[in-house]
Amino acid sequence: MDAVVDYQLTSGHSDWPRLRDSAQWADSSGFGAIWVVDHLAGSSMGGKQAYEAFTWLGAMAAVTDRIELGSLVTNVWNRSIGTSIVAAATVAEISQRRFWFGVGAGTSPSSSFAWEQHAVNTPIEPSMERRHDRGEELLDLSSRMWGETSGEFPTFMTPKQIPRRIVGVNSIRLSKIAGLKADGINVPWAHPRRDEFLAACREQSPATDFEWTTYVPYDPGLRDEEHPTRQEMSSRGITRVILLENGVPHVK
């Protein structure tokens, strides 16, 4: 089966009316899902502002009809992990559609993204191991809150459609965690270790409905399954292709 093609937005270059129109364009243009980034400041993505991810997703749920919604990736340090889980469940319940809960381990102190965390006094964990541990903690807690043991959390919301948890990976260990505990993996297509990450995830024998996702800069040509890059993606077992619009988004 050919991969589903999705659309991803950043908010740094446009106001809400433009972003709303772009979401509706994606909804009517056959994309499988629309994803948003989770940054605090626009300049991190080359823009002048940033919308809070789950507030924005809730607004898009209200102005679209069919398209699924997702976060890529939710920074596990921007909120408590419990808050992020409840936020994902809320969007899923408001939209009554599949929510793709992309999660990431957060930035390192030396990353170009670290400054926005410093600016708002958000702690940055220097240990990659600890950053990965926190991502694993989110997966474990969401499994308990939404799974067979959800009775431990009797007054926390379990949406009718349980969000699918996609781990954005940057290491072998995180790839293995995705294969063991998540519903999918996301790798940057241009990452030099992309195939290593995919192989490490496959070693964990994930479920047959596991999602193998990648993201690339927006190129309308990549909507064609005969495109050479799409053919290469297919050979790697990719099931979802996310086209990242890192500028002014499209509209009808």
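Observations, loosely collected:
- Region 147-163, residues that are surrounded by fewer than 22 Cβ atoms within 10 Å (Cβ to Cβ) and under 19 Å from the mean Cα position of the chain (by Cα): 159, 161, 162
- Residues that are in contact with a helix residue (DSSP H, G or I) (Cβ under 9 Å, 6 or more places away or on another chain), among the basic types (Lys, Arg) and closer than 24 Å to residue 36 by Cα within region 196-252 comprise 223, 230, 252, listed in sequence order.
- Sub-6 Å Cβ pairs linking a first residue in region 153-175 that is closer than 22 Å to residue 98 by Cβ to a second residue that is aromatic (Phe, Trp, Tyr) and assigned to a helix (DSSP H, G or I), at least 6 apart or interchain, are 158/146; 162/146; 169/197, ordered by first then second residue.
- Entirely in region 113-196, the helices (runs of 4 or more DSSP H) that have 1 or more residues that are of a type in the set (Val, Ile, Thr): 172-181
- Note on region 116-128: residues that are out of contact with any Leu (no Cβ under 7 Å at 6 or more places or on another chain) and in contact (Cβ under 8 Å) with a residue 12 or more places away in the chain amount to 8.
- Which numbered condition residue 108 misses (of (1) in contact with a helix residue (DSSP H, G or I) (Cβ under 8 Å, 6 or more places away or on another chain); (2) in contact (Cβ under 8 Å) with a residue 24 or more places away in the chain; (3) surrounded by fewer than 23 Cβ atoms within 10 Å (Cβ to Cβ); (4) not in a helix (DSSP H, G or I)): (2)
- Looking across region 114-133, the residues that are crowded, with 18+ Cβ neighbours inside 10 Å and either closer than 25 Å to residue 184 by Cα or within 18 Å of the chain's Cα centre (by Cα) (or both) come down to 125, 131, 132.
- Pairs linking a residue in region 35-61 that is charged (D, E, K, R) to a residue that is surrounded by 22 or more Cβ atoms within 10 Å (Cβ to Cβ) and part of a helix (DSSP H, G or I), with Cβ atoms under 6 Å and 6 or more positions apart or on different chains, are 38/53.
- Some residue of region 177-194 being within 26 Å of residue 139 (Cβ to Cβ), in contact with an Asp or Glu (Cβ under 7 Å, 6 or more places away or on another chain) and β-branched (Val, Ile, Thr): yes
- Residue within region 46-67 that is in contact with a Gly (Cβ under 8 Å, 6 or more places away or on another chain), among the aromatic types (Phe, Trp, Tyr) and surrounded by 15 or more Cβ atoms within 10 Å (Cβ to Cβ) present: no
- If only residues of region 89-105 that are closer than 24 Å to residue 155 by Cβ, small (Gly, Ala, Ser) and in contact with a Leu (Cβ under 9 Å, 6 or more places away or on another chain) are counted, the one that is surrounded by the fewest Cβ atoms within 10 Å (Cβ to Cβ) is 95.
- The one condition from (1) over 14 Å from the mean Cα position of the chain (by Cα); (2) without any contact (Cβ under 8 Å) to a residue 60 or more places away in the chain; (3) more than 28 Å from residue 13 (Cα to Cα) that residue 219 does not meet is (3).
- Qualifying residue in region 194-210 (condition: over 17 Å from the mean Cα position of the chain (by Cα), under 29 Å from residue 113 (Cβ atoms) and of a type in the set (Gly, Ala, Ser)): yes
- Residue check for residue 58: touching a helix residue (DSSP H, G or I) at 6+ places or on another chain (Cβ under 8 Å), within 24 Å of residue 173 (Cβ to Cβ) and assigned to a helix (DSSP H, G or I): no
Just so you know, all these numbers are worked out from the coordinates, no wet-lab data involved. These numbers were taken from a predicted model, which means no experiment stands behind them. No Cβ is skipped: glycine too gets one built from the backbone with ideal geometry, and neighbour counts run over all protein chains shown.
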